[in-house]
Amino acid sequence: MKITSLRKTFKNTKRLAEIIKVLSQFGFREVVTETGLHRILGKTREDIEADRQPHYEQLSRPVRARMVLEQLGPSFIKIGQILSTRPDLIPPEWASEFSLLQEKVSPVAFSDIEHVLAEEFPGRLETLFTVIDEEPLAAASLAQVHRARLTSGEEVVIKVLKPGNRQRVEDDVSLLETMAQLVESYFSDLGYSPIEVAQEFSRELLREVNFIQEAQATERLHRYFEDDPDICFPKVYWQATTRNALTLEEIKGRSLSMLDPTLLKPELRRTIVANATKAVFKQCLKFGFFHADPHPGNIFLLDGGRLCFIDCGTTGHLDKKTAEQLVDLVAGVIKGDVPKLCRVVIELTDVDPQVTDRRDFRVDLQHLIDQVQATPLKHIDIAELLGDFFTMLQRYKIRCPSDLLLLVKALSTIEGVAAEIDPTFDVLSHVEPEIEEVVTNRYGVGAIRKRLQKSMTDYLLLLEDMPGDIQRFLDHARHNRFTLNLELMRIEHLGEKIDQASRLMGMAMIIAALIVGSSILLLADRISQQQGFIGHLGMIGLIFAALYSAGFVASFLLPKKKNK
């Protein structure tokens, strides 16, 4: 275990050195020095300055940050793509720039892919596939896709993780969490915990290299739309699927990204947009599980205007309570109910209620309401409304649940597809039945009756349990077995202050003793008939007192660098 730990530390050190060099090259030296990353490698500020490349500093910071992520490879590109959907963590201009991140990579040799498949299906590769096309159908930074045919005759595609990528991602995840701990110790007012964000991103990155999870998501969505004549998802072939290889039904159609809308008939354009928007809103509002990246490249047009969604690696989950809170959010904006919106914010984000009680926060909410109420209902863009709402929360350093932001991304993406293919299509009117169903389930008479029945049942159960609870309370009181648990907030800072005060008193007593003792020696030397040695000893004592005082001032009185 020690050898493994040493190897991991060595790998992390090499990768950290590479990260520091890239950050310095692209003009982010202050990030390296202010977080103390360079000290881990024993580097000085001058060493960091030596890696500087001034021509990059003419570019804006968001552009340089995107270039840094591209330079650092697949894991960091994925992090940037995730951040592009998180306006609660980064400013809008940074999110917009990160959305440009592309994975422009060359495919690896088929011999490497074949080696991975042979390891995944030892002794079974020939019994599973009759042929595998050596020419890749698509290639990304983490995986690439090949056409194939099963021995049972079905034409399929195999998504294969490139050799070494799993280990690379796992190493970067480990380093990311270590860096997050360092950042959290230096920056105290980000509005969120870098450690928690790093853990969330780590889960996303590890999910990217686990094709079992993508297969499960694809299978789930395939089952939801199995009987839908307009929407479908690929079939998963589980006998040829592992963590590193995913085998799906090959979709015989045309990607929407390859179509020229101007060459399509108006009826077909309307059918495409209607089916696409219906699919996304149905996933979000009815099933609570949705494809979070429905861009044109992930949607295929089949015969008769039927659509097939592929690449279910990024999905979101919307539980019933959160869906109801979103309905309350939209209703609160439309009705202009600021107190209701504040309650929704507290329930969605677990923010401190003191923030929502602030006057400037309520003024911003009212401004958002005024913008919406000045727009006719049929022209309200729900995705834009939610996006503006979460952008406003970001200004107050309120962190939002990731699935809600994935929802905004999915809705914004599909509305962008609709605007590109058929700008005249009224998305809100088309999905009105799905929205009405959610509203009815929330505010309808039947829904209210169910909630009342549930509340009455809960109260009855509480009354039923109350005698036993009262008896236990009396038993504890009778035997003096009550325990009082107190949680003192910021107790670690109190400990630091006490420790600092004790060291200050100790240093002050030492300095005072040196001054008093040295003064006595100097006085004794002056009244002595044989002046010399005692006086010199007193002067040495005063010099030590001065040096000790200088150290005292440097340690306690000079202003320390504050957290940013």
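Structure values in brief
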item: Strands (runs of 3 or more DSSP E) fully within the range 214-317 counting 2 or more residues that are within 17 Å of residue 409 (Cα to Cα) and within 25 Å of the chain's Cα centre (by Cα); result: 289-291, 315-317
item: In the range 344-360, the residues that are touching an Asp or Glu at 6+ places or on another chain (Cβ under 9 Å) and crowded, with 17+ Cβ neighbours inside 10 Å; result: 344, 349
item: Checklist (1) modelled with pLDDT of 80 or more; (2) crowded, with 16+ Cβ neighbours inside 10 Å; (3) out of contact with any Phe, Trp or Tyr (no Cβ under 6 Å at 6 or more places or on another chain) applied to residue 363, failing item; result: (2)
item: Pair list, Cβ < 8 Å and 6+ apart or interchain, from the range 20-33 residues that are modelled with pLDDT under 80 to residues that are part of a loop (DSSP other than H, G, I, E, B) and hydroxyl-bearing (Ser, Thr, Tyr); result: none
item: Flag if residue 272 is hydrophobic (A, V, I, L, M, F, W, C), in contact with a helix residue (DSSP H, G or I) (Cβ under 9 Å, 6 or more places away or on another chain) and closer than 30 Å to residue 366 by Cα; result: no
item: Strands (runs of 3 or more DSSP E) within the range 75-176 that include 1 or more residues among the charged types (D, E, K, R), surrounded by fewer than 17 Cβ atoms within 10 Å (Cβ to Cβ) and not assigned by TED's automatic domain parsing to the domain that holds residue 405; result: 143-150, 155-161
item: One residue from 99, 106 being closer than 26 Å to residue 388 by Cα and at pLDDT below 85; result: 99
item: Filter result (surrounded by fewer than 21 Cβ atoms within 10 Å (Cβ to Cβ) and not polar (S, T, N, Q)) within the range 206-216; result: 206, 207, 212
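The values are calculated or read from the model by the stated rules, or taken from the named source; none is laboratory data. What you are looking at is a predicted structure, and each value in this text was computed from that prediction instead of being measured. When we count neighbours, we look across all protein chains shown, and the Cβ atoms used for this are built from the backbone with ideal geometry, even at glycine.
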